[in-house]
Amino acid sequence: MSGYLYKTISTLAHDLATTYDDGLTPLESRVGVVNFVLEQLARMPWFLRVGVKLCTAGFGVSRVFFEGTLFHRQKPLNRAAQVEAWKRSRLAICRDLMKFYTSLVVLSLYSRTGTECSEDVS
């Protein structure tokens, strides 16, 4: 996996973990969330993995013309705004990509023993 794609996925997963963990997860264990997301991508069949990676690369560069920088180099507020814009996009592929990553992050966060999910992920 390229460094750019790794940085985009890890930044996105970390930001989503920050949004959905309600302060339950220590910062160090968010690395585990990122690793979980990357492991699940690696387990996908190649034809699905390529599609997800292409969409993720598009997500990472989608604001270059407006912000002048890649997703993983933006300020946290700008990254959050970009994620929200993709969650509310008219294009189903954008919404589905955000649902995909959100689902993996929430699954990783709340699959720990003794933690219950109280956040609506939709």
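The values are calculated or read from the model by the stated rules, or taken from the named source; none is laboratory data. Predicted model, so just to flag it, every value in this text is computed and none were measured. Heads up, the Cβs are rebuilt from the backbone with ideal geometry, glycines too, and the neighbour counts pull from every protein chain shown.
Points to keep in mind about this one:
- Residues that are surrounded by fewer than 15 Cβ atoms within 10 Å (Cβ to Cβ) and either over 17 Å from Asp96 (Cβ atoms) or under 15 Å from the mean Cα position of the chain (by Cα) (or both), drawn from region 33-44: Asn35, Glu39, Ala42, Arg43
- Condition check for Thr56: touching a Gly at 6+ places or on another chain (Cβ under 7 Å) and touching a residue at least 24 places away in the same chain (Cβ under 8 Å): no
- Identity of the residue in region 82-98, of a type outside the set (Asp, Glu) and exposed (fewer than 14 other Cβ atoms within 10 Å of the Cβ), that ends up nearest to Cys55 (Cα to Cα): Ile93
- Of the criteria (1) of a type in the set (Phe, Trp, Tyr); (2) over 18 Å from Val106 (Cβ atoms); (3) free of Cβ contacts under 8 Å to residues at least 40 places away in the same chain; (4) surrounded by 16 or more Cβ atoms within 10 Å (Cβ to Cβ), which one Tyr6 fails: (4)
- Region 35-79 - residue that is part of a helix (DSSP H, G or I) and of a type in the set (Val, Ile, Thr) and, of those, farthest from Leu109 (Cα to Cα): Val64
- Single unsatisfied condition, Thr102 versus (1) touching a Leu at 6+ places or on another chain (Cβ under 8 Å); (2) farther than 26 Å from Asp21 by Cβ; (3) at pLDDT 95 or above: (2)
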